[in-house]
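One structure is given below, encoded as structure tokens.
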Amino acid sequence: MATDLHGPVNESVRHAAGQSAGAAPGAAVRVGGLVRSFDGRAVVDDLHLTVRPGEFVALLGRSGCGKSTLLRVLAGLDREIEGEVLVPRRKAVAFQAPRLMPWKRVWRNVVLGLPGRPDRGTAVRALDEVGLGHRADAWPKTLSGGEAQRASLARALVREPDLLLLDEPFGALDALTRIRAQQLVAEVWQRRGCAVLLVTHDVEEALLLADRALVMAGGRIAYETEVALPRPRDSSDPRFAALRARLLDRLGVAGAPVPPPEQPQSPAPARAHAGADENGTDTP
Ligand SMILES: Nc1ncnc2c1ncn2[C@@H]1O[C@H](COP(=O)(O)OP(=O)(O)O)[C@@H](O)[C@H]1O
Ligand SMILES: [Mg+2]
């Protein structure tokens, strides 16, 4: 379910474990030495990460490597951590499951949890932004999967986030709906200019959307690469294929052809997934 913390735009908030660094000038996210353990096992282990304001970062990694754990920490949903986490006060998160309250109309779901009196106009504006204004008074159970996911995105956008956290938001959508949803997120990101951290297991999705792709392994960011390709991205571009092969190799996907550096390759045929994420541990 989307959530947020409210406060002045651009004011950073520090989570937990008090080191003495100041706010994060020039950064939307600054994480240093982050550790999160469950039952004595460090799932996130001395992780360092900086995200620039307005930057779109994709986070890849094998199922169970700690992506959702990191996202929940950044969202402020989990504070049992060591290390330092600086994030904007205005942030919002959307998960794979839209998690709409079935007994509330769509617009009320969108403004659920906002301070003050629920304002239908505010909800409808956010719904309009995702092409769903006409369903404002619908009941959640009457929405298609893609519509429900757009409502979830509207619920995040209504928070006017400086940081948008997305945890496999397209994972449950069919292929066509998924492409539309990806395009919508790209449009929203370009219009809003907020920083985005997108967790995905889909290398292609990461390369279509992100400025930078990270691979998480061993509890930290084990690999990262800039995606310095013109937008809109063309998956048949040899540079795209080369990046895809390199990321798949870093993800340990067997059989991924890895081109030598600087050498254009012919595009790889298959759409590439690094293994579906089966767990649902993202509940606040
Ligand atoms: N609340 C929790 N209690 C115990 N173990 C957890 C909890 N949340 C996550 N884990 C464990 O931490 C590991 C990373 O989980 P998660 O961050 O959900 O992985 P990912 O999103 O990369 O698939 C998994 O082994 C998971 O079982
Ligand atoms: Mg996950």
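Summary table below
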read-out	value
Peptides 210-217, 89-96 ordered by average Cβ neighbours within 10 Å, highest first	89-96, 210-217
Sequence-distant residues sharing a close amide H with residue 170 (under 5 Å, placed H)	none
Environment charge of residue 183, counting only residues whose C-beta is closer than 13 Å and scoring Lys/Arg +1, Asp/Glu -1	+4
Contour minus Cα-Cα distance for residue 38 and residue 128 (0.36 nm per residue)	28.3 nm
Sites residue 236 and residue 179 - FRET efficiency at Förster radius 22 Å, r taken between beta-carbons, to 0.05	0.90
Amide H contacts under 5 Å for residue 46, placed H, 5+ residues apart	34, 35, 36
Residue-by-residue Karplus 3J(HN,Hα) for the stretch 112-127, coefficients 6.51, -1.76, 1.60, Hz, glycine and proline x	4, x, 5, x, x, 6, x, 10, 4, x, 4, 5, 5, 4, 5, 5
For the stretch 4-234, projected area of the alpha-carbon convex hull averaged over all directions, nm²	12.7
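Where a number appears in this text, it was derived from the coordinates with a stated rule and is not lab data. As the structure is a computational prediction, the values presented were derived from the model and not from experiment. We place every Cβ from the backbone using ideal geometry, glycine too, and count neighbours over all the protein chains shown.
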